[in-house]
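Notes follow once the structure below has been shown.
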Amino acid sequence: MCEAVQNYAEKYAEQKAEIARLNGLLDSIKKLMENMKLGAEQAMNVLEVNDQDREILMKEL
């Protein structure tokens, strides 16, 4: 049982870290769009956002 709880906690922590990473990227993209007057694609190109993250982030913009 203890191992199952530990595995759950690790997965939960990984998910939270991934969400935080994506939120940080999203904030950076929005700032580039606002301050540099870039489009979403241009901002993502500057930050070298990978295709998988682009799909996720485009839904939030």
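A few comments on the model shown:
- In order along segment 11-16, phi translates into HN-Hα couplings of 5, 4, 5, 5, 5, 5 Hz, rounded to whole numbers, per the Karplus curve 6.51 cos²θ - 1.76 cosθ + 1.60 with θ = phi - 60° and x for Gly and Pro.
- 3J(HN,Hα) along segment 25-41: 4, 4, 4, 5, 4, 4, 5, 5, 4, 6, 7, 9, 6, 9, x, 4, 4 Hz, from the Karplus curve 6.51 cos²θ - 1.76 cosθ + 1.60 with θ = phi - 60°, whole Hz, x for Gly and Pro.
- Under 12 Å, Cβ to Cβ, from ALA9 - net charge with Lys/Arg +1 and Asp/Glu -1: -1
- For segment 42-51, the Karplus equation 6.51 cos²θ - 1.76 cosθ + 1.60, evaluated at θ = phi - 60°, returns couplings of 4, 4, 5, 5, 4, 7, 6, 6, 6, 4 Hz by residue, with Gly and Pro reported as x.
- Backbone amide hydrogens, once placed in the peptide plane, bring VAL49 within less than 5 Å of nothing, excluding anything fewer than 5 places away on its chain.
- Between the amide H of LEU38 and those of MET33, distances stay under 5 Å, these residues lying 5 or more places away or on another chain, with hydrogens modeled in the peptide plane.
Each value in this text was obtained by applying a stated rule to the coordinates, not by laboratory testing. No experiment lies behind these values; they were computed from the predicted model shown. Positions of Cβ are generated from backbone atoms using ideal geometry, with glycine treated the same way; all protein chains shown enter the neighbour counts.
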